[in-house]
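Each remark here refers to the structure printed beneath this line.
The values are calculated or read from the model by the stated rules, or taken from the named source; none is laboratory data. All values derive from a computational prediction rather than experimental measurement. Neighbour counts are summed over all protein chains in view; Cβ atoms, including those assigned to glycine, are modelled from backbone coordinates with ideal geometry.
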Amino acid sequence: MKIINPEQPKQGNKEDISLSSLDKRLQKIAADLEHTQIAEYVNLLNRPRTIIWKNLLAGTARGVGIAIGFTFFAATILYVLRILGALNLPIIGDYIADIVRIVQIQLEGKTY
């Protein structure tokens, strides 16, 4: 009489175990593909007008952001230069005063 251990898989169950592990792997791959939104990417590639529109909007937003950032940075630098110019430092003060004067003339629309 042969005693069968219930924890040990039977011969027919080896195929079931391998199919179940394959099913788990396929489910994980499907979930990963859905997570990466590859279907939306493929749909986007099939519609070139959408790509052009999104890139145009992104480029415009980037350009406006750069312009606002540079304006803020330049205004801060000019403010600091004015303060340094008011200190009347011997060499640096004259140089900074010239820069501030040139910028003010350009802002008024006059030629230098």
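Data overview
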{"read-out": "From the options ASN88, ASN55, ASN43, residue that is at positive phi and not small (Gly, Ala, Ser)", "value": "ASN88"}
{"read-out": "Some residue of segment 47-60 being modelled with pLDDT of 85 or more, hydroxyl-bearing (Ser, Thr, Tyr) and closer than 30 Å to TYR95 by Cβ", "value": "no"}
{"read-out": "Per-region count, segment 1-46, residues at pLDDT below 80 and small (Gly, Ala, Ser)", "value": "2"}
